Structures are given as structure tokens and as C-alpha cells.
Amino acid sequence: MIFRSIIRIVGILIGLFSLTMLPPILIASIYKDGGGGDFFAAFTVTLLIGISLWMPNRRVKRELKVREGFLIVVLFWVTLGSVGAIPFMMSSSIDMSVASAFFESFSGLTTTGATVIEQISSLPKSIVFYRQMLQWFGGMGIIVLAVAVLPMLGIGGMQLYRAEMPGPVKDSKVTPRIAETAKALWYVYLCLTLACMLAFWLAGMSLFDALCHSFSTVSIGGFSTHDASIGYFNSDLINFITVAFLLISGVNYTLHFSVFSAKKLSLKTYVYDPEVRAFIFIQALLTAICFTTLMNHGIYDSIETSFSQSLFQAVSISTTAGFTTTTFSDWPLFLPVLLVISSFIGGCSGSTGGGLKVIRVLLLNIQGLRELKRLIHPKAIYRIKLGNKALPDRVIDAIWGFFSTYALVFIVCMLALLMAGLDELSAFSATAAMLNNLGPGLGSVALHFNDVNDASKWIMILAMLFGRLEIFTLLVLFTPAFWKN
């Protein structure tokens, strides 16, 4: 393990991350909220941390191996979340404990969207913008952005890319060169963000709200500039735009790139993709169940309102965004629990959504059907196919291993929260919200997490990291074999 080279790279990445604290200074000067000095101080501290790690090791340049890639990704997310908390701790306009500041920072960067802030509307614009921007950078993964820069700094990026990109198949690249792949993905991400911002603005949001909500929508993060979330705007058009871009962002970004980079634009690529079809089917099914239940209980006065609320909440929660237009936790308990459970599926592989990913759930379902067929015909040979492509058994074995580990981590985190003092419903929903990077929970954590004790917040931060790094990237560091030469 080349530790000095790893420290050098982490120092460079922290130095790059410090630049994210400069745009809030501009926002503070525009809105004159007095937060510019706090962010400049935070930028200086973060930059000095990066320089102090880089300077003593600046001449140490070694090619990364797979093990170093995993370690750098974990170290960077831990340090990034830590230095990301500095503006919250240094702000003179918001009083946060260390645990709360770290919670808010990690929640933003992992696109979890849970918050400890009770009155968001009263925050300075610079702090609000910073929260939203954290989610935007965390959405695609700031490591992927760095991969586009690292080759120019003499650092190989493929190992970082494999450790960072979500999903079961990580070796597929959009372009032959890894740096070009990262740039291509960010190009798609940026275009979707601009389109989302323009749509929100034309629908009636202020330019500031449109920009901030485009950050958290395309990243499937869930932070909002208002306490009532999207419900603040009370607009069916804005609700529809949010749903549309959540669905778009929940689809594999490499699929988006292949569609829009083709010589002839065709949407058939989406139609023929089995994961996208399963993703849309899940959204339609959840919407139908919510709509039927709400109508049977007479929660809303009209069919239109029932359908609008059902569609928005089903898509928002199942894609792990966590936006709200109403207090859905007040619905018949069956629906909130169903929607929280649906977040375990999440978005497609290679999207900005959390959860297990649709492709894994789809393959687990196919594997389950294969086992049922084997009970009837024990000697028959059944191949698992995705579309027209037969998958090797090692892929299925890896997915089963991921699923079992995911379940184990969930149980351990939930038991830890129960031991820390949360009630059963709150502990279950909080663990699901953190591990799936969802945000809102049920029970005492339905609105915010400010009333949760510090011990529980640290446990939740760890769960956020497990969810964002898809379990194995973080868990592999705890195996003795990882540290052996």
C-alpha cells in the first residue's frame, strides 16, 4: 500500500473540493446575507488542509492499483464529508453541534436529503445554496469529476472509477478512455441540470429556487429551499416537472449518453432496455396502488388531486429523492411503509438514485423464478438472460452476495439505532432512509432529524456512507486480506 501517494491524492482532491465554497460567497454578496466571510474562512481552512496533505508528498507519484483505488474513494468521501461540515460549523447565522454539522454535510454529499434544520426558509441564501450544491456534486460522484482531471496530474483514474460508479457492472465504459468517460457523464449531467432549471423557472419558480431545485432533482437528493419542500409552490406543473426529471435521472446515465450521442436520435434504446422497462413498471404499479388506496379512504376530495399526490410521492420516494408535497406519513400507514420499502429498489444502475438498484432486483427475481423451475425440472439447464444476453453465474453470485450483505448491514444499523434510543418505527425507517439515501423517514424522523441524539446521528452517517458507496467499497476495508501485501 503506497500511503504517501494516497495522502497526496487525497490532498489534491480536498484542494479541488475547497473551490465549491467560493460560489456561496457570490450568492452572499448578491443577496447581502452576511455569509460571505464565513464561507471565505471555510474555503481557506479547507484549502490549507488540502495543501498540508499534498505538499510533503507532492513528489511521490505511483500508479494506483485496485486496492489503492478503493481506499482513496473511502478516504475521500470521509474527508470530503468532514470538511464539507466546516461551513455549517463556522456559520454565524446557524447554531449546529459537530454531530449535526457532519450529518448535514454527509446527507448532502451522499444525496440522502435528510436534514437537522427545522426552519430552512430562515437560513441565509448562501447556506441554502451550499446545501443544494453539495447534493449536485454528490449526485454523479465528485470522484468521477476528479477522474477527468487526474490524468493531467499524472494519476491513473480507472481504479477510482471502478470503486466509485454505482451498479453491478462497473467495467463498461462510454468511451475508450476513462477520462473521456467521466467527461461524457458529466456532460449529460450538466445538460439535464440546465434543462431542469429552465423548466422550473418557466413554471414559475424564482431563478434562485429553480437553480437550487435543479441541483437536488437531477442528483435525486431531495434538499429544498423551503420547509414544505416542493409542496411550498402548490403547482401541479412544478410537480409534474419534478416527476419527469426524477424519472430521467433515475435511468442509467450511460444509456442517456448512448441515445443522445447517436447519429439519429431514437427513444427505442430506452424501450428495449429491460432495466428501464422494469423501472417504469415499478413506478406505475406504486402510483396505481397509492391512488387506489387514497381513493378508497377518501383522503382527498377529487380524483385529480389523489392521482397527482400518488404520482408525485410514489416517484419521489421510490427513486430515493424524498421530495414531498404533503405529509405522506399521515396517509394510511400501509402506504408510507410501502413507499419506504420501495426505496430499497431505488433507481437504475448508473443513475443518481440510491437503493439496491433496479437491475439487481430484476436479476434476483429472474433467479428466483429459475429456482422454481428447477424444482419442477431438476435436470433442466436454465440460463439467466438480460434481454437477449445470457449472464455468467458469477454475476448472479455477486448480486446474491451484495443483497445478503446489504440486508446484514441494514439489520446491524437498525439494531444500533434501537440501542441508541429510537423507537421501532423510527429506527426501521431511519435505517432505510440512510442506507437507501432516501431522506425522510417515519415516526419521530418524518419531518427532520434534529431531535435525534448525537449517537444516532453518527450511526446514520455511517449508514449513509454504506449506501452511497454500495456496501462493498467500504466493507472491503474491514477485511484482513485487503491489508495484506
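Taken together, the values in this text are just the output of simple stated rules run on the coordinates, not laboratory data. The shown structure was predicted, so the numbers you read here are calculated from the model rather than taken from an experiment. Using ideal geometry, Cβ is built from the backbone for each residue, glycine included, and neighbour counts are taken over all protein chains shown.
Some observations on this one:
- Normalised by the number of residues in segment 287-427, the average gap of Cα pairs under 8 Å and 6 or more apart makes the relative contact order 13 percent.
- Dipole magnitude (debye, nearest 20) for the chain, charges at Cβ of Lys, Arg, Asp, Glu: 2620 debye
- Tail fraction, Cα-Cα pairs, segment 254-334, threshold 19 Å, whole percent: 48 percent
- Note: segment 324-478, Cα convex hull, 152 Å³ per residue.
- Summed over qualifying helices (DSSP H, 4 residues or more, each -39500 (n - 2.57)) and divided by its residue number, the chain shows a 222 nm mean residue ellipticity of -20000 deg cm²/dmol.
- Relative contact order of the chain, pairs being alpha-carbon contacts under 8 Å that are 6 or more residues apart, as %: 16 percent
- Ranking V98, T79, W54 by how far each Cα lies toward the positive end of the dipole of segment 38-103 (charges on Cβ) leaves W54 at the top.
- Under 5 Å, built H, 5+ apart or other chain: amide partners of L386: L391
- Isotropically averaged projected area of the chain, using the convex hull of Cα atoms (one quarter of hull area), nm²: 24.6 nm²
- Counted as membrane-span-like here are DSSP H helices of the chain whose alpha-carbon atoms extend 30 Å or more along the helix's own axis and whose Kyte-Doolittle mean is 0.5 or above; these are 178-202, 274-297, 393-420.
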